[in-house]
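Student: Please find one structure pasted underneath; my questions will follow.
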Amino acid sequence: VANTDYYRPVYHHTPQYGWMNDANGLVYKDGEYHLYFQYNPYGSRWGNMHWGHSVSKDLIHWEHLKPAIARDTLGHIFSGSSIVDHRNSAGYGKDAMIAFYTSASDEHGQIQCMAYSNDNGRTFTKYEKNPILTPFDGLKDFRDPKVFWYEPAQKWYMIVSADKEMRFYSSSNLKEWEFLSGFGKGYGAQPNQFECPDFVQLAVDGNPENKKWVMIVNINPGCMFGGSATEYFVGEFDGKEFKCDTKPEVVKWLDYGKDHYATVCFSNTGDRVIAVPWMSNWQYANITPIKQYRGANALPRELSLYTKDGQIYMAANVVKEAQSLRKDARPIENFTVKGELEMDTVFSKMEGAYELEMDVTPGNARLVGFDLMNEKGEKSKIYLDMKEGRLVMDRTESGIVDLKRNGKFDVHAKETGNYRKTLSVNYQNDFALGTWAPLSLCEDKTYHLDIFVDKCSIEIFVDGGRIAMTNLVFPTKPYDTLRFYTEGGEAEFSNMKIYKLGM
Ligand code: FRU
């Protein structure tokens, strides 16, 4: 497909044509990572939901395949998960791939369905007795099933989002499901609606003797910067109930940007837990300045747990496979900044697709940072505010920041709760703003920053993902210049490297 979109990323996964939101059915099998996704094959706005499909051997280079599961008489094919049925629990053969998704329509509501594949996830046959699970209380928002094997009970478990909580079920044959418990009412950022759950077990500080369960909860609304975001809860699971270690009001974010949503993890990857975010926000996902396609995934991230000040947090670091994107490395000698320092056109010939790595030691500076900027004066500001103890990314002057169309825009049909209607509402600018993360999550006087820029996105990873921050930006020319600055002191920059990134 010829690329007519200026903002199409160089190295992030996007559909070739059409609309994409959540990553679905993430599963690893026979040397391939499968990325299914919420997909509209007929246009670049949300609608007609199918499961699109791409595969990769390395999480970075994706091959586009035909949509795997198409909309049917039960409705849209909403989000869900896949497993490899090593034990032939469902009777479709040992190692069949089985997908679990939500069928959504005004007629039938939101119900959980399954489909199986005997050709490594290329084509699926829907179970003839779908649905496999309906809400026991007639709940309207009941979706996005994540299925996983729970070793102690020798059973399959399902976690499903149910409005303001997550519900656990268990099954022996993947077809009949028994309700176990719900968790989440009143927990985390408020107000919220829960979507796209995941439930993973991870070693604390790398110690396999000390594992914790983590519930990943995508919420929309609820993001502290507006719209959609991903939070998580750390705790214990006894096979029936999840107990969170912290009080309901404690909020832990998986990413501190505004364009990180519907993040879930791959099945069947052993001890590695790899998550894939959708890089947008429901507040404006349908009106980004893109035509031919809409929606990209952020870079896959490896999740781990670390302890800080007696609390357990989850780090999300870019997967090591992303290093294969590095084409040409430009090391920069260590330097000190007091006041301002401009590195003109350091990113020239990189076509807006590069990685910037560095160690920043703020020293006695009150504030230290840099602008990624272009000749038009458009800039994304990234800085450490030592007085507030924050990492900030400010995109108010980053390029196109006013995403409105004629003062009004159509609210996504999905968000009205009625799939047939669209509404017009008064526009407000949800895009022009800064996002921030607490530096207290990090350990040192020196911060390691690893920043990925790709046409219309910036992803920042600090200290191995203790802070992850993902934001879209729409500069009308690529940022090619770096301007460093400090306030109230002198800061050191060391081990800086700039890489051109490409496939
Ligand atoms: C999350 C979500 C899911 C739903 C899907 C529909 O972004 O709202 O809850 O299954 O998108 O496309």
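Student: Hey, can you tell me all the residues within region 95-123 that are over 18 Å from ASN173 (Cβ atoms), in contact with a strand residue (DSSP E or B) (Cβ under 7 Å, 6 or more places away or on another chain), more than 16 Å from the ligand (Cβ to nearest atom) and not polar (S, T, N, Q)?
Tutor: GLY121, ARG122 - these are the residues of region 95-123 that are over 18 Å from ASN173 (Cβ atoms), in contact with a strand residue (DSSP E or B) (Cβ under 7 Å, 6 or more places away or on another chain), more than 16 Å from the ligand (Cβ to nearest atom) and not polar (S, T, N, Q).
Student: Taking into account only those residues within region 166-197 that are of a type in the set (S, T, N, Q) and part of a loop (DSSP other than H, G, I, E, B), which is farthest from the ligand (Cβ to nearest atom)?
Tutor: Among those residues, the one meeting the criterion is SER172.
Student: Follow-up question, since we're still on this one. For region 166-179, name all the residues that are more than 22 Å from GLY227 (Cβ to Cβ) and crowded, with 19+ Cβ neighbours inside 10 Å.
Tutor: ARG167, PHE168, TYR169, LEU174, TRP177
Student: Which condition number in (1) more than 25 Å from VAL251 (Cα to Cα); (2) in a strand (DSSP E or B); (3) at pLDDT 95 or above; (4) out of contact with any helix residue (DSSP H, G or I) (no Cβ under 9 Å at 6 or more places or on another chain) is the one that MET469 fails?
Tutor: (1)
Student: Another question, then. Scan region 360-382 for residues that are open to solvent by 10 Å² or more (accessible area, probe 1.4 Å) and either at pLDDT below 95 or of a type outside the set (S, T, N, Q) (or both) and jot them down.
Tutor: Residues satisfying the conditions are GLY363, ARG366, LEU367, MET373, GLU375, LYS376, GLY377, GLU378, LYS379, LYS381.
Student: Now a separate question. Please specify each residue of region 272-286 satisfying the condition of being in contact (Cβ under 8 Å) with a residue 60 or more places away in the chain and more than 16 Å from the ligand (Cβ to nearest atom).
Tutor: VAL273, ILE274
Student: Of all residues being in contact with a Leu (Cβ under 6 Å, 6 or more places away or on another chain) and of a type in the set (A, V, I, L, M) in region 289-330, which is nearest to ALA262 (Cα to Cα)? Just the residue, please.
Tutor: My answer is ALA316.
Student: Going by the structure shown, is GLU357 within 15 Å of LYS497 (Cβ to Cβ), outside any loop (DSSP other than H, G, I, E, B), of a type outside the set (A, V, I, L, M, F, W, C) and open to solvent by 10 Å² or more (accessible area, probe 1.4 Å)?
Tutor: yes
Student: May I pose another question? Among the residues of region 260-292, which ones are among the aromatic types (Phe, Trp, Tyr) and modelled with pLDDT of 95 or more?
Tutor: Selection gives TYR261, PHE266, TRP278.
Student: Here's something else I'd like to know. For region 230-249, enumerate the residues that are open to solvent by less than 50 Å² (accessible area, probe 1.4 Å) and touching a residue at least 24 places away in the same chain (Cβ under 8 Å).
Tutor: THR230, GLU231, TYR232, PHE233, VAL234, PHE237, GLY239, PHE242, CYS244, THR246, PRO248 - these are the residues of region 230-249 that are open to solvent by less than 50 Å² (accessible area, probe 1.4 Å) and touching a residue at least 24 places away in the same chain (Cβ under 8 Å).
Student: Same structure, new question: Would you check which residues across region 129-148 are in contact (Cβ under 8 Å) with a residue 40 or more places away in the chain and out of contact with any strand residue (DSSP E or B) (no Cβ under 6 Å at 6 or more places or on another chain) and list them?
Tutor: Hits for region 129-148 are LYS129, PHE136, LYS140, ASP141.
Student: Please go through region 180-213 and pick out each residue that is open to solvent by less than 20 Å² (accessible area, probe 1.4 Å), within 23 Å of VAL276 (Cβ to Cβ) and more than 16 Å from the chain's Cα centre (by Cα).
Tutor: GLY184, GLY188, ALA189, ASN192, LEU202
Student: Looking at region 124-165, which of the residues that are small (Gly, Ala, Ser) and open to solvent by 20 Å² or more (accessible area, probe 1.4 Å) is farthest from the ligand (Cβ to nearest atom)?
Tutor: It comes out as ALA153.
Student: With a cut-off of at least 1 residues that are within 12 Å of the ligand (Cβ to nearest atom), name the strands (runs of 3 or more DSSP E) lying wholly within region 22-93.
Tutor: 32-40, 50-56, 76-85
Student: Now for a separate question. Which residues, counting only those in region 209-229, are without any contact (Cβ under 8 Å) to a residue 12 or more places away in the chain and within 11 Å of the ligand (Cβ to nearest atom)?
Tutor: Of everything in region 209-229, nothing turns out to be without any contact (Cβ under 8 Å) to a residue 12 or more places away in the chain and within 11 Å of the ligand (Cβ to nearest atom).
The values are calculated or read from the model by the stated rules, or taken from the named source; none is laboratory data. Here the structure is a predicted model, which means the values were calculated and not measured. Cβ atoms come from the backbone with ideal geometry, glycine included; neighbour counts cover every protein chain shown. The accessibility values were calculated without ligands, DNA or RNA, using every heavy atom of the protein model including side chains. Shrake-Rupley method; radii C 1.70, N 1.55, O 1.52, S 1.80 Å.
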